[in-house]
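See below for the structure under consideration.
The values are calculated or read from the model by the stated rules, or taken from the named source; none is laboratory data. From a predicted model like this one, the values you see are computed outputs, not experimental measurements. Cβ placement follows ideal geometry from the backbone for every residue including glycine, while neighbour counts extend to all protein chains displayed. Accessible surface is based on the protein model in full, side chains and every heavy atom, while ligands, DNA and RNA are left aside. Shrake-Rupley method; radii C 1.70, N 1.55, O 1.52, S 1.80 Å.
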Amino acid sequence: MPQRRSHVAPSAAQTELAAALAALKESLEAPTDFPASVLAEAAASDAAAPELDMRDIPFATLDPRGSRDLDQAFHLERRESGYTVRYAIADVPGFVTPGGAVDAEARRRGQTLYAADGTVPLHPKVLSEDRASLLADVDRPALVWTFALDAAGVVEDFRLERALIRSRAQLDYVSTQAALDRGEEGPAMLLPEIGALRIAQEKLRGGASLNLPDEEVVRAMDGTYSIERRHPLPVEEWNAQLSLMTGMAAASLMIEAGIGILRTMPQPDEKSFDAFRHQTEALGRPWTTGRYGDYLRELDRADPMTLPILEAAASLFRGAGYVTFDGSVPPDIDQAAIAAPYAHATAPLRRLVDRWSLAICLAVSEGREVPAWVRESLADLPALMQDSGQRASRLDSATINCVEAALMTPLVGSTIDATVIEIRGERATVQIADPAVTASAPIPDGAVPGSVVQLHVLRADITRGEVEFAV
């Protein structure tokens, strides 16, 4: 059956929601417009043409439908002993002048923000959605990683080169998944095979993927909003493995060179593991043996208890940050969920730090000195990314809260069913099925994670993003 969606009908509440969402960006100091100097510099910028020409290779991109800021393009082929994977990344370092107006504005923003009423991009759209984007059927400079994989998906060798490429197809997740399910040939036909091998390698490393359902605020043509939740498609997970592989390669290059910036995350401590075990027992799906990554990987998506378990597992994926080094490599450089050193190096159109990673990796690959601007600013990056990450998190959370309050407005005064996801102290996190809302509520007597309880909706404040319940 078609997925049922909850919408806020056009009303005074709908007008209030639009105003609340607009006010959010102002309260978070999220810059929506670019200064004239930034726009002028972006319009005039042009990356030098690479000497290496790879336009004969039929690259393709794979992103959500309608995307214009295309950071990556791939090309997959078999070789006698395994596979060759080419992964092209938008040459943002070639378009942005260090110390210029675009650079300064990007450092202020940190990353692209995704709001319900549109994005707040890291770079002007003339770069991020046009001249630097790996759009189909146009020549683009790119930083191309070429991987030699063996039959088991292990990376035997890799290299990074700056080249001119031409993407031949702009694929989207839904259509590509459908084509793969039908067994059709196309640019992504080897992606399930290679993706599955890389997932198997992740499992051997002890890595773990949370794969929480996407929670996206969608605005319809009539101006109504809804929250859509869905699990990532298999093709998204396979595609993500290409990015993870590239991030690990970038980390290895920087570690070998003794200069770089890594994305790190500590291993969960025993207290966190014990708490998660108790939660899985309360939900009737106990984690008793093996590594937590294997347990999460084997969860049945059709099981109604999977979402509460994944929500509880989020406590195991905390503490991520960035570490920089120029000289000696610091200890504790692993990203625990990936179970390897890792760097952000595949989304330079949307994330500031990737430009530094790519500039370092290209210099190391070409046997050049790392650019002075990289060394001079490297230590500033963790704070810049932390600030932008907190801004993005607050925007995401506040947006969802405002929309959920709007969705609950028609139900004020009524009694509804909700499933308890987690209990902390005297409050419970509950999941309401229709409308699809996750909220905090008082704990009914005898409730445990997994219980279906009845709640009375007392109040829904759209501006504050608050919903109040009574048992």
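Annotations
- When +1 charges are put on Lys and Arg Cβ atoms and -1 charges on Asp and Glu Cβ atoms, the dipole computed for the chain relative to its Cα centre reaches about 160 debye.
- Looking at the chain alone, DSSP beta bridges between its own residues are antiparallel in about 90 percent of cases.
- Karplus-derived 3J(HN,Hα), 6.51/-1.76/1.60, for each residue of the range 33-47, Hz, glycine and proline x: 9, 9, x, 4, 5, 5, 4, 5, 5, 4, 5, 8, 6, 7, 7
- For the chain, averaging the sequence separation of C-alpha pairs within contact (under 8 Å, six or more residues apart) and dividing by the residue count gives a relative contact order of 18 percent.
- Which of THR32, VAL364, SER45, positive extreme of dipole for the chain (C-beta unit charges): THR32
- Ordered from largest to smallest accessible area (heavy atoms of protein chains, 1.4 Å probe), the residues GLU298, GLU404 come out as GLU298, GLU404.
- The phi-based Karplus calculation (6.51 cos²θ - 1.76 cosθ + 1.60; θ = phi - 60°) puts the 3J(HN,Hα) values of the range 367-378 at x, 9, 5, 5, x, 4, 4, 5, 4, 5, 10, 4 Hz, whole numbers, x for Gly and Pro.
- Which of LYS271, LYS125, LYS203 is most accessible, then next, and so on - probe 1.4 Å: LYS271, LYS125, LYS203
- Cα centroid of the range 437-471 to Cα centroid of the range 102-161, whole Å: 41
- For the listed peptides 281-288, 82-89, a ranking on the average number of other beta carbons within 10 Å per residue, highest first, reads 82-89, 281-288.
- Distance between modelled label sites at ARG108 and ILE255, nm, 7 Å Cα→Cβ extension: 3.8
- Counting only protein chain heavy atoms and rolling a 1.4 Å probe, the accessible areas of VAL471, VAL217 rank, largest first, as VAL471, VAL217.
- Heavy atoms of ASP380: accessible area, 1.4 Å probe, square angstrom to 10: 80
- About its Cα centre, the dipole of the range 138-278 is roughly 260 debye, where the only charges are +1 on Lys and Arg Cβ and -1 on Asp and Glu Cβ.
- For the chain, the alpha carbon convex hull comes to 158 Å³ per residue, rounded to a whole number.
- Where only DSSP H runs of four or more residues are counted, the chain gives -10500 deg cm²/dmol as its mean residue ellipticity at 222 nm, each run worth -39500 (n - 2.57).
- Taking amide H positions as modeled 1.01 Å from N, with prolines and chain starts lacking one, the residues under 5 Å from ARG459 and 5 or more places away or on another chain are GLU468.
- Near the amide H of LEU62, within less than 5 Å, lie the amide hydrogens of LEU171, all on another chain or at least 5 residues away, with H placed in the peptide plane.
- Cut-off 15 Å between beta-carbons: net charge of the residues surrounding GLU184, Lys and Arg +1, Asp and Glu -1: -3
- Neighbourhood net charge (10 Å Cβ-Cβ; Lys/Arg +1, Asp/Glu -1) for VAL144: +1
- Surface/4 of the Cα convex hull for the range 358-471, nm²: 10.9
- Protein accessible area in the chain, 1.4 Å probe - carbon and sulfur %: 51
- ³J(HN,Hα) computed for each position of the range 350-364 - Karplus, 6.51 cos²θ - 1.76 cosθ + 1.60, integer Hz, glycine/proline x: 10, 9, 4, 4, 4, 5, 5, 4, 5, 4, 5, 4, 5, 4, 5
- Electrostatic bookkeeping for ARG459 treats Lys and Arg as +1 and Asp and Glu as -1; over the other residues with beta carbon under 12 Å from its beta carbon, the sum is -2.
- Using the Cβ-Cβ distance between SER440 and VAL471 with R0 set to 22 Å, the FRET efficiency from 1/(1 + (r/R0)^6) comes to roughly 0.95.
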